[in-house]
Amino acid sequence: MADHVRITDVSPRDGLQNEPLRADGSPIPTTDKAKLIQSLLTTGVDEIEITSFVSPKWIPQLGDADELCKLLHNTKPNGMSFSALVPNERGMASLLQANEQAGTDLIDKVSVFTAASETFSKKNTNAAIAETLQRFEPVFAQAKEQKLAIRAYVSCVIECPFEGIILPEAVADVSRKLLDMGADEIDLGDTIGAGCTETTAAMLAAVTNHIPPSKLVLHLHDTFGRASECVRAALAAGVRSFDGSAAGLGGCPYASTESTRAPGNIATETLAFVIKQAGYDTRIDNEALTKAATIAQEITA
Ligand code: HMG
Ligand code: MG
């Protein structure tokens, strides 16, 4: 039987965070976000990143995380994982409150995020890389206490929109620190979709000097249509977990520059196809995924 490759759909989080507010200043209705998540539940993905507990001043589109979680009570099937982004202790308190209100671990994985680029880290979280790691200390401690898994994102693993090329050793360095702190998995983000086969392989070679590929996730944005070749390079390097976003929505608003809006994630549809074509199993139901991608497009139209 073919090896299973894990897919996390991040469309409710990465997919929606970059969507502009409507003309009247309102975000996408919370019920629409819940509808997208409900549709993703039928697709066979292993995990859904459902929202962010970040400052609504920084990400106005996801200021309804508490309300969204209430709509998701009793919806998570056995074996499915729900993760959510947390930047600091304040976000962790909100996540734990959402779980308390659900009466269960509605969110079973905490996703913290930092970067391999100092400039991006400052722009995205108003903190240097070392400061972000300090902020994570109480978050990790509480996650461990509550037996929640920890995903740690490292952004700009290939290039930074402000600093340009990022050295693979810089990615390895911050990844190793996060693992030493207790992260269960390191999610390597090609934030602006700059990667190709060679640069992805070089970055992964540096990281896997310190971290086994079984603890890595690859999070690709698809600016130049090269995300698929990066998936193949990562599969060859032993990575068995990837993020995608239904309909290819997504982007970090703080990776946008004056001339370029941050690019969308690799579409989960494309990701599933590439993984299957490479001979691995994903449990994806293509018809259900097409329906979810249509909903993702409808709610952002
Ligand atoms: P700050 O302004 O330095 O924080 O932001 P602060 O501590 O000074 O607080 C400012 C205000 O925010 C205060 O409110 C706090 O209470 C509030 P005020 O007193 O002014 O009314 N606040 C919060 N509110 C709700 N939830 C919280 C929270 N924390 C503070 N958790 C901060 C620092 C980290 C909060 C901010 O920079 C932030 O929220 N950044 C998030 C940016 C973000 O979400 N970016 C997108 C996700 S990352 C990404 O997309 C990349 C990824 O996909 C991988 C890849 O592609 O590379 C993961
Ligand atoms: Mg991203």
| task | Please verify whether region 107-121 includes one or more residues that are without any contact (Cβ under 8 Å) to a residue 24 or more places away in the chain and open to solvent by 10 Å² or more (accessible area, probe 1.4 Å). | result | no
| task | Among the residues of region 229-247, count how many are in a helix (DSSP H, G or I) and open to solvent by less than 20 Å² (accessible area, probe 1.4 Å). | result | 6
| residue 226, sole failed condition from (1) in contact with a strand residue (DSSP E or B) (Cβ under 8 Å, 6 or more places away or on another chain); (2) free of Cβ contacts under 8 Å to residues at least 40 places away in the same chain | (1)
| When you go through 207, 217 one by one, which is the residue that is touching a Ser or Thr at 6+ places or on another chain (Cβ under 8 Å), away from ligand 2 (no atom under 14 Å from the Cβ) and either under 23 Å from residue 112 (Cα atoms) or of a type in the set (A, V, I, L, M) (or both)? | 207
| task | Give the residues of region 248-273 that are among the hydrophobic types (A, V, I, L, M, F, W, C) and crowded, with 21+ Cβ neighbours inside 10 Å, sorted by residue number. | result | 249, 252, 255, 262, 266, 267, 271, 272
| Do the conditions hold for residue 262, that is, is it in a loop (DSSP other than H, G, I, E, B), within 16 Å of ligand 2 (Cβ to nearest atom) and either within 22 Å of residue 119 (Cβ to Cβ) or in contact with a Phe, Trp or Tyr (Cβ under 9 Å, 6 or more places away or on another chain) (or both)? | yes
| said: Please go through region 178-188 and give me each residue that is touching a residue at least 60 places away in the same chain (Cβ under 8 Å) and either within 16 Å of ligand 2 (Cβ to nearest atom) or assigned to a helix (DSSP H, G or I) (or both), ordered by number. | reply: 178, 187
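Report yes if residue 147 is of a type in the set (Lys, Arg) and in contact with a helix residue (DSSP H, G or I) (Cβ under 7 Å, 6 or more places away or on another chain), otherwise no.
Judged against the criteria, residue 147 is not a match.
So, in region 1-44, how many residues would count as being more than 16 Å from ligand 2 (Cβ to nearest atom), under 13 Å from residue 72 (Cα atoms) and not charged (D, E, K, R)?
Of the residues in region 1-44, 9 are more than 16 Å from ligand 2 (Cβ to nearest atom), under 13 Å from residue 72 (Cα atoms) and not charged (D, E, K, R).
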| Residue list for region 1-33, filter: in contact with a strand residue (DSSP E or B) (Cβ under 9 Å, 6 or more places away or on another chain), open to solvent by 10 Å² or more (accessible area, probe 1.4 Å) and either part of a helix (DSSP H, G or I) or more than 29 Å from residue 215 (Cα to Cα) (or both) | 13, 17
| Condition check for residue 280: of a type in the set (Phe, Trp, Tyr), open to solvent by 30 Å² or more (accessible area, probe 1.4 Å) and within 16 Å of ligand 1 (Cβ to nearest atom) | no
| remark: Looking across region 195-225 at residues that are assigned to a loop (DSSP other than H, G, I, E, B) and open to solvent by less than 10 Å² (accessible area, probe 1.4 Å), the single one that is nearest to residue 124 (Cα to Cα) is 195
| said: Under 6 Å between Cβ atoms, which residue pairs at least 6 apart in sequence (or on different chains) link something in region 25-50 that is under 29 Å from residue 5 (Cβ atoms) with a partner that is part of a loop (DSSP other than H, G, I, E, B) and open to solvent by 10 Å² or more (accessible area, probe 1.4 Å)? | reply: 43/285; 44/283; 44/284; 44/285
| query | Of these, 86, 54, which one is within 11 Å of ligand 1 (Cβ to nearest atom), open to solvent by less than 50 Å² (accessible area, probe 1.4 Å), more than 19 Å from residue 179 (Cα to Cα) and among the β-branched types (Val, Ile, Thr)? | reply | 54
| message | I'd like to check which helices (runs of 4 or more DSSP H) are fully inside region 62-152 and have at least 1 residues that are farther than 26 Å from residue 257 by Cβ. | response | 65-71, 89-102, 129-145
| note | When every residue in region 92-106 that is open to solvent by less than 50 Å² (accessible area, probe 1.4 Å) and under 23 Å from residue 32 (Cα atoms) is compared, the one farthest from the chain's Cα centre (by Cα) is 102
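The values are calculated or read from the model by the stated rules, or taken from the named source; none is laboratory data. Just so we're clear, the structure is a prediction, and the values are computed from it rather than from any experiment. Methodologically, a virtual Cβ is constructed for each residue, glycine included, from the backbone with ideal geometry; neighbour enumeration extends over all protein chains shown. We work out accessible area using only protein heavy atoms, side chains counted, and drop any ligands, DNA or RNA first. Shrake-Rupley method; radii C 1.70, N 1.55, O 1.52, S 1.80 Å.
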